[in-house]
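Working notes, beginning with the structure itself.
We did not get these values from a lab; they are worked out from the coordinates using the rules stated. Quick caveat, the model's predicted, so the values are computed rather than measured. Glycine gets a Cβ as well: all are built from the backbone with ideal geometry, and neighbour counts include every protein chain shown.
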Amino acid sequence: MDIQKEIIALRRELEKHNRLYYVEDAPVISDFEYDMLMQKLKALEAEHPELITPDSPTQKVGGAALSKFEPVRHQVPLESLTDVFSYDELFAFGERMDAAFGGHQKYSVEPKIDGLSMSLEYENGVFVRGATRGDGITGENVTENLRTVRSLPLHIENAPERLIVRGEVYMSKAVFEELNAQRELKGEPLLANPRNAAAGSMRQLDPKVAASRKLDIICFNMQYSSDNKYVSHIQTLDAMREMGFPVVPYKCYKNIRDCVERIQWLGENREELPYDMDGAVIKLDSLSQRIAMGSTAKAPRWAVAFKYPPEKKESRVLDIVVQVGRTGVLTPKAIVEPVRLAGTTVSAATLHNQDNIDRLDLRIGDTVLLQKAGEIIPEVLSVNLSKRPEGTVPYVMPAYCPECGSPVIRDEDGAALRCTSPECPAQRLRNIAHFASREAMDIEGLGISVCESLINSGMVKDASDLYYLDAQAVAALERMGDKSAANLMRSIENSKEAGLARLLCAFGIRQVGQKAAKVLASHFADLDSLMAAGEEELTAIPDIGGITAGFIINWFSNPQSKDLIEKLRRAGVSFISKEEKKDDRFSGMSFVLTGTLSRFTRDEASAIIESFGGKTSSSVSKKTSCVLAGENAGSKLTKAESLGIKIISEEDFEEMIK
């Protein structure tokens, strides 16, 4: 057989089996037989590299690493969806459609997969480019990483001359659990959830890393087809499935109220699905009706996303442990039987303080109802008293610090219990780790485990000791070596020029985080000027109240703080402010950042806003001037729209800061 024909035949055979496995869930050969076909193709391509094409199944292993992702302007905008949180809001959407079309319309209902939205471009059946959603208008070219996605067809039969499909890249729950199990064995930090894991994998510059993450994709919209022969959304989904795309499961209904059945089913069965989902999408089926309805500046008027209330599950409390934070606060945590909750496996939940434990009447052995606060932090909502075992006793927080044995006291201004010893090892570890953290002095390579090694070796007793370390002694630490030690020493040396704002944040003064530190650094030229300031001068600064001023004055008057500052001064750490205000164009304005930004990090955007005299806030209110919305903006965007607050894209923001 002609070599080229043999290679093409092998490719088509492998593509057929990919489709049977990933799309139709009906494999007809074993994994071993598939691997043998793949090995044969690889061998032939290795002998004849001039015959390798981008749509070959062998290209899913990952090519050469990239230096950066190039911007891609979408031919068809990748819009976000308007969220609804109740059936009343859903029915109101249906009433708007009825008013427009007289009740003659159908709807599709689909799961809203929690992943990373992508635009996929095909020319003459060959996958030529893939891009992230970005701000909906411009995304990033991640073609090489997308080629590694197992379920994405690189070549499709009977395709139009040009085709653009929208899909969602995700990491399956099974792959996520497997990946985290491997990372735990290696002592690596665990990934937070499948969505973040998928997003991080797609943004790897080395496609081989993306290939190792075993990502999947599911397609849910035909953005553009050059043959333009479809009249309904369902037709396009069926056509995409025929072409070999993995397509989102859907149900079609003739009435908005009938959609509730499917929405409820999806909500009740989402744990059984292979992917995480964060809602159900309800869309008009008719493509002509979609065109008639059009879009707002951000979202189509012909579709909504029904968001489910936070997931709640029961588990049993195995133990209550107390952690000591960097400021000495004792925080109780319930250790529970592992349970899958809102996309991650939960084995612990915060209990906040003794007052909260008393309010819940929570005891070891209780069965509790868990929820993720803001879909992130697991917390205990209530105790199921009907399942309480006999012999339980009320839980009382310790009177002595579990780390150092020193007495604990209750804050006068709150419910927190605090260790009284400044020499507490838990505080020391977390203080030094905080000092080195990204938002503070940004000392790369100085994580918790390295801090712990430095403290246990006796080389570091407080943060200032970092600037007096001996490179050879650091290299001798377990899991360090000469290269790691040299990198760490270089990072420590570079941090000397971090500036006053970062230094103030690094000190860990109560109520002086990143934002307050920047405010202080923009008011005072150097640390000595700040140290000389009294309460009256401090409280005259916007955002610095009397309580915060008191904490600042008390911290600088502490003998240990004075010793720390003098050691830092001798080491050559800069006490000079680097905060420079460009102009006052954002003076009096408050910005809220929401969603995933593609052109800036949140820290970068916040710093730019502050350099022009503006402020950033974490919550939307009537006082908010602008909401900078990135990809997957959620409830903050919805609230801003309801309050009539100006919504800006990253493109708008770039225009504002020119």
(message) Restricted to Cα positions, what overall size does the range 82-306 have along the principal axes? Three whole-Å values, descending.
(response) 60, 41, 31
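Relative contact order for the range 497-544: what is it in percent, counting Cα pairs under 8 Å that are at least 6 residues apart? Kindly include the intermediate steps, with their values, before the conclusion.
On the way: 28 pairs, mean separation 16.5, N = 48.
The value is 34 percent.
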(request) Mind checking which of G94, L154, S618 is farthest towards the positive end of the chain's charge dipole, using Cβ charges of +1 (Lys, Arg) and -1 (Asp, Glu) about the Cα centre? (result) G94
(request) State, in angstrom, two size descriptors of the range 312-410 derived from its alpha carbons: Rg to one decimal place and Dmax to the nearest whole number. (result) 13.7, 40
(request) Give the Debye-formula value of log10 I(q)/I(0) at each listed q (0.18, 0.29 Å⁻¹), with one equal scatterer per alpha carbon of the range 590-656, two decimals each. (result) -0.58, -1.50
(request) Report ³J(HN,Hα) in whole Hz for each residue of the range 440-454, in order, from the Karplus equation J = 6.51 cos²θ - 1.76 cosθ + 1.60 where θ = phi - 60°; Gly and Pro get x. (result) 9, 7, 6, 8, 5, x, 10, x, 4, 5, 5, 4, 4, 4, 5
(message) At 7 Å along Cα-to-Cβ for each site, give me the label-to-label distance between A525 and A540 in nm.
(response) 1.6
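Using only helices, what value at 222 nm comes out for the chain when you add -39,500 (n - 2.57) per DSSP H run of length 4 or more and divide by the total residues, to the nearest 500 deg cm²/dmol?
Numbers: 24 runs with 237 residues, N = 658.
Mean residue ellipticity, 222 nm, calculated: -10500 deg cm²/dmol.
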(request) With just the Cα atoms of the range 500-571, tell me how far they stretch along each of the three principal axes, in Å, largest first. (result) 32, 20, 19
(message) Assuming 0.36 nm per residue, please report the length gained on full extension of the stretch R585 to R479 beyond their Cα-Cα distance.
(response) 33.2 nm
(message) Suppose we keep just the alpha-carbon trace of the range 502-630; what are its Rg and Dmax in angstrom?
(response) 16.1, 48
(message) Spelling out what I want: for every residue of the range 467-480, take phi, set θ = phi - 60°, compute 6.51 cos²θ - 1.76 cosθ + 1.60 (Karplus), and round to whole Hz; glycine and proline get x.
(response) 7, 10, 5, 9, 4, 5, 5, 5, 4, 6, 5, 4, 6, 10
(request) Could you name the lysines whose alpha carbon sits less than 18 Å from that of K578, not counting residues in the same chain fewer than 8 places away? (result) K496, K515, K518, K615
(request) Run down the aspartates and glutamates and flag those whose C-alpha is under 16 Å from the C-alpha of K42, throwing out any fewer than 8 positions away in its chain. (result) E6, E13, E15, E33, E50, D55
(message) Going Cα to Cα from K333, which lysines come in below 23 Å? Please leave out same-chain ones fewer than 8 positions away.
(response) K312, K313, K372, K387
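For M277, M118, which order do you get if you count the other beta carbons within 10 Å of each Cβ and list the fewest first?
Values: M277 20, M118 24.
Ordered from fewest to most neighbouring Cβ atoms within 10 Å, M277, M118 come out as M277, M118.
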(request) Can you pull the one-decimal nm distance between simple spin-label points at S347 and E423, each 7 Å off the Cα toward Cβ? (result) 3.5
(request) Would you compute the Debye intensity of the range 175-292 from its alpha-carbon atoms alone, equal scatterers and no solvent, and pass along log10 I(q)/I(0) at q = 0.15, 0.18, 0.20, 0.21 Å⁻¹ to two decimals? (result) -0.89, -1.08, -1.18, -1.23
(request) Name the cysteines of the chain that stand alone by the Cβ rule: no other cysteine Cβ under 4.7 angstrom. (result) C219, C252, C259, C451, C505, C626
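What's the exposure ranking of E535, E15, going from fewest to most Cβ atoms within 10 Å? Intermediate results must be reported in sequence, preceding the final value.
On the way: E535 13, E15 19.
Starting with the residue having the fewest Cβ neighbours, the order is E535, E15.
Which percent, nearest 5, of DSSP beta bridges in the chain are antiparallel?
Numbers: 74 of 89 bridges.
Bridges in the chain are about 85 percent antiparallel.
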(request) Please report, in whole Å, how far the alpha carbons of the range 342-493 spread along each principal axis, starting with the longest. (result) 61, 39, 29
(message) Against the 2.2 N^0.38 Å scaling, with N counting residues, where does the chain land? I'd like the Cα-based Rg ratio to two decimal places.
(response) 1.10
(request) Rounded to whole Å and ordered largest first, report the semi-axes of the equivalent ellipsoid of the range 289-342 derived from its Cα gyration tensor (root of 5λ). (result) 46, 18, 6
(request) Compute the relative contact order of the chain as a whole-number percentage, counting only Cα pairs closer than 8 Å that sit 6 or more residues apart in sequence. (result) 10
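What FRET efficiency do you get for S386 and N456 if R0 is 41 Å and r is their Cβ-Cβ distance, rounded to the nearest 0.05?
Using R0 = 41 Å, I get an efficiency of 0.30.
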(request) Multiply the residue separation of V126 and K312 by 0.36 nm, subtract the distance between their alpha-carbon atoms, and state the gained length in nm to one decimal. (result) 62.5 nm
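Can you give the alpha-carbon Rg of the range 248-389 over 2.2 N^0.38 Å, where N counts its residues?
On the way: Rg = 20.7 Å, N = 142, 2.2 N^0.38 = 14.5 Å.
Relative to the rule-of-thumb radius for its length, the range 248-389 sits at 1.43.
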(request) Would you check the range 82-306 for Lys pairs whose C-alpha atoms are within less than 15 Å, ignoring same-chain pairs closer than 8 in sequence, and give me the count? (result) 8
(message) What are the equivalent ellipsoid semi-axes of the range 425-497, built from the alpha-carbon gyration tensor (square roots of five times its eigenvalues), in whole angstrom, biggest first?
(response) 16, 15, 10
(message) Taking the number of other C-beta atoms within 10 Å as the exposure measure, put L14, L362 in order starting with the fewest.
(response) L14, L362
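Percent relative contact order of the range 201-333, based on C-alpha pairs within less than 8 angstrom and at least six residues apart?
Working: 99 pairs, mean separation 21.1, N = 133.
That works out to 16 percent.
Is there a quick way to get the dipole size of the chain? I mean about its Cα centre, with the Cβ of Lys and Arg at +1 and of Asp and Glu at -1; what is the value in debye to the nearest 20? The partial results should precede the final answer.
Values: 81 positive and 96 negative charges, 108 e Å.
The calculated dipole for the chain is roughly 520 debye.
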(message) Under the rule of at least 5 residues apart or a separate chain, name every residue whose amide H is placed under 5 Å from the amide H of V84.
(response) A305, F306, K307
